[in-house]
1. So what are the ³J(HN,Hα) numbers for region 18-30, from phi and the Karplus equation (6.51, -1.76, 1.60; θ = phi - 60°), rounded to whole Hz, Gly and Pro as x?
2. Which stretch or stretches of region 29-51 have amide N atoms under 19 Å from the point lying 7 Å from LEU22's Cα along the Cα→Cβ direction?
3. In whole angstrom, and with the biggest value first, how far do the Cα coordinates of region 13-58 range along each principal axis?
4. What is the calculated FRET efficiency for LEU11 to ILE93, with r their C-beta to C-beta distance and R₀ = 22 Å, to the nearest 0.05?
5. Over the Cα atoms of the chain, how large are the radius of gyration and the largest Cα-Cα distance (Dmax), in Å?
6. What residue among GLY127, TYR105, PRO42 has its Cα farthest toward the positive end of the dipole of the chain, where the charges are +1 on Lys, Arg and -1 on Asp, Glu, each on the Cβ?
7. Which loop trypsin sites (Lys or Arg not before Pro) in region 21-85, with loop taken from DSSP, have no more than 16 other Cβ atoms within 10 angstrom of their Cβ?
Amino acid sequence: MMYPLTGLATLAALLVYFMSGLNVARARGKYGVKAPAVTGDPGFERAFRAQQNTLEWLPLFLPPVWLFAATWGDTWAAGLGLLWAIARAGYVIAYTADARRREPYFIAQFAVVAVLWIGALMGIVRGFI
């Protein structure tokens, strides 16, 4: 595999998503919210929104992390990818506990995605020069 570290960082990001899904399942049981309902106790709704927001961000994270790896290198992309997964895990934990605590984690994961996007774009443009 050309980018094994980026592959591991990708798996870390997907693990965060998987764990957030398990968190929703636990919240369904804890708060008595039966599928397919997505509303109910605020504790369940926070867990559900944290998982859905993670899903919404995955398509914004995954392509640029791989483009970044292809243009700037496996180590840098993997480092940024791991930072994203850590920030995203913090976001899920904080949002589930108290939605007001999520902001620093959101800003961190947003900053990582911004760096990946800008880096991927610069790397692609550099390929034309």
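1. 4, 5, 5, x, 4, 4, 5, 4, 4, 5, 4, x, 5
2. Taking a point 7 Å out along Cα→Cβ of LEU22, the residues of region 29-51 whose backbone N falls under 19 Å are 29-31, 44, 47-51.
3. The Cα atoms of region 13-58 stretch 28, 16, 15 Å along the principal axes, largest first.
4. Efficiency computed from Cβ-Cβ geometry: 0.70.
5. Values for the chain (Cα only, Rg and Dmax): 16.4, 58 Å.
6. Highest projection toward the positive end goes to PRO42.
7. For trypsin sites (Lys or Arg not before Pro) across region 21-85 that sit outside H, G, I, E and B with at most 16 neighbouring Cβ atoms in 10 Å, the list reads LYS34.
Every number in this text was worked out from the coordinates using simple rules, so none of it is lab data. As the structure is a prediction and not an experimental result, all values here were calculated from the model. Because the Cβ atoms are built from the backbone with ideal geometry, glycine has one as well, and the counts that use them run over all protein chains shown.
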